[in-house]
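Worksheet for the structure shown next.
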Amino acid sequence: MQITINQAANYVDKEVKIGGWLSNKRSSGKIAFLQLRDGTGFMQGVVVKADVGEDIFQIAKSTSQETSLYVTGVIHEDTRSPFGYEMAVTGIEVISEAVDYPITPKEHGTEFLMDHRHLWLRSNRQHAIMKIRNEIIRATYEFFNQEGFLKIDPPILTGSAPEGTTELFHTKYFEEDAFLSQSGQLYMEAAAMAFGKVFSFGPTFRAEKSKTRRHLIEFWMIEPEMAFYKLEDSLKVQENYVAFLVAAVLKNCRLELDRLGRDVSHLEKMVAPFPRITYTEAIELLKKLGFDDIEWGDDFGAPHETAIADNFEKPVFITHYPKAIKPFYMPEDPNNSEVVLCADLIAPEGYGEIIGGSERIHELAILEARMKEFDLDLEAYSWYLDLARYGSVPHSGFGLGLERTVAWISGTEHVRETIPFPRLLNRLYP
Ligand code: 4AD
Ligand code: MG
């Protein structure tokens, strides 16, 4: 009977066959311990020379790291391993030998590992992070479906730019100029006017020359957009959504969180509601904390966000930023025309901004005026202005960066490990 490692619990005391890879091994003259992995999990195979005979024991001893094999044996409970089961091996059949696998159990530098990302993905640390990423994606669909949102897929090749024109990847669209999408927001606004509550999940691109632990050139974003929602309504969706993601990972990825050494008690505190402070209060807080050179009107850098977040146990919303540092589509606060109706959600522990969102301007004259101030070509945005021409309503939306969220929940220092093949400044390989 051929099974996968994650099915082992159903086959205790039965003889089964598993197809997998040898991730590591230890052996002495009489016994060998094979660390096996098959993509669904990791399990130890124990090979006892006295039981299997000289030939099979020799195969166990000589098989090299990352060789693929079929292993036959009897599943036993094993209280010492975090997985809970091991295999008493009775047979080994080598499929394909791996000679001199470059990533050995010793320490390697980051650049070396990044150059071998296609192989590094096989490690149990990367396995745990990708499982958590997958759980966050799965829970995203569950949450928004249960809340009555329709999944809408905005285009990736576009002619418009919601977040400003300096960070766009240009490409040719036959004879026309095009960009890779930096956000699907404007299309999601069109979808909200058609379907009410919608969300997207897809890749976005920023030609941003940032080299930090939070920046990717290509990253994945979840972008919900809701007709008739005000800022506060949107913040409620955001905190419920983020709390739902954390709860799902806690429930379904315990082994992975343990393997990564994640402090689970930190995650258990992440229940809604989340605290809210205004940008102006955040500036006052920073001044109190000794950031003397920050002025009202400045955008926050990573050290500012971290210092603010350190004052709260949960993610914190910073609301009402100055108009001058936010995109054209954000409406002025009716009580203070210097600030806009927006919020960023800052994760704890220095993981930075995981959500950016706002209300959207829905009156045509105001929108056109703002777009002119931003020097946008109204002709190119004619379709977007149609939304305001033909029965727009107040609406709000936000974008959650998947990789920063995975980094925070999994406790991974740098976003480069939270996406299978990261695109970074100076890295397009592999
Ligand atoms: O704050 P941003 O730029 O907002 C938007 O794009 C809006 N149009 C979203 C919307 O309202 N529909 O990006 C949203 C989130 C950030 O909070 C961050 O989590 C992530 O996307 N993000 C990045 N993640 C990794 N690398 C980068 N270079 C990122 N830039 C933004
Ligand atoms: Mg932002």
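Scanning region 400-417 for residues that are open to solvent by less than 10 Å² (accessible area, probe 1.4 Å), near ligand 1 (Cβ under 9 Å from one of its atoms) and not in a helix (DSSP H, G or I) returns a single hit, LEU400.
I'd like the full set of residues that are charged (D, E, K, R) and closer than 12 Å to ILE222 by Cα, limited to region 174-210.
Kept after step one, since they are charged (D, E, K, R), are these residues of region 174-210: 175-177, 189, 197, 206, 208-209.
None; the set is empty.
For region 372-399, a tally of residues being of a type in the set (Phe, Trp, Tyr) and crowded, with 18+ Cβ neighbours inside 10 Å returns 3.
Of all residues in region 372-389, those satisfying the criterion of being in contact with a helix residue (DSSP H, G or I) (Cβ under 8 Å, 6 or more places away or on another chain) and not basic (Lys, Arg) are LEU378, TYR381, TRP383, TYR384, LEU385, LEU387, ALA388.
So that you can scan it fast, the table gives a plain yes or no per residue for (1) open to solvent by less than 50 Å² (accessible area, probe 1.4 Å); (2) within 16 Å of ligand 2 (Cβ to nearest atom); (3) not hydroxyl-bearing (Ser, Thr, Tyr):
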position	(1), (2), (3)
TRP296	no, no, yes
THR319	yes, yes, no
GLU332	no, no, yes
VAL340	yes, yes, yes
GLY352	yes, yes, yes
ARG370	yes, no, yes
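Return yes when VAL340 is assigned by TED's automatic domain parsing to the domain that holds ASP258, more than 16 Å from ligand 1 (Cβ to nearest atom) and in contact with a Phe, Trp or Tyr (Cβ under 8 Å, 6 or more places away or on another chain) and no when it is not.
Details: assigned by TED's automatic domain parsing to the domain that holds ASP258: yes; more than 16 Å from ligand 1 (Cβ to nearest atom): no; in contact with a Phe, Trp or Tyr (Cβ under 8 Å, 6 or more places away or on another chain): yes.
No; evaluated as a whole, the condition is false for this residue.
Of all residues in region 280-290, those satisfying the criterion of being open to solvent by less than 20 Å² (accessible area, probe 1.4 Å) and closer than 15 Å to PHE312 by Cα are ALA282, LEU286. What about ALA324, is it crowded, with 21+ Cβ neighbours inside 10 Å, among the hydrophobic types (A, V, I, L, M, F, W, C) and either more than 14 Å from ligand 1 (Cβ to nearest atom) or under 28 Å from VAL242 (Cβ atoms) (or both)? In short, no.
The values are calculated or read from the model by the stated rules, or taken from the named source; none is laboratory data. What you see is a predicted model, and the numbers here were worked out from it, not measured in a lab. Cβ: placed from backbone, ideal geometry, glycine included. Neighbour counts: every protein chain shown. Surface accessibility is based on the protein's heavy atoms, side chains included, excluding ligands, DNA and RNA. Shrake-Rupley method; radii C 1.70, N 1.55, O 1.52, S 1.80 Å.
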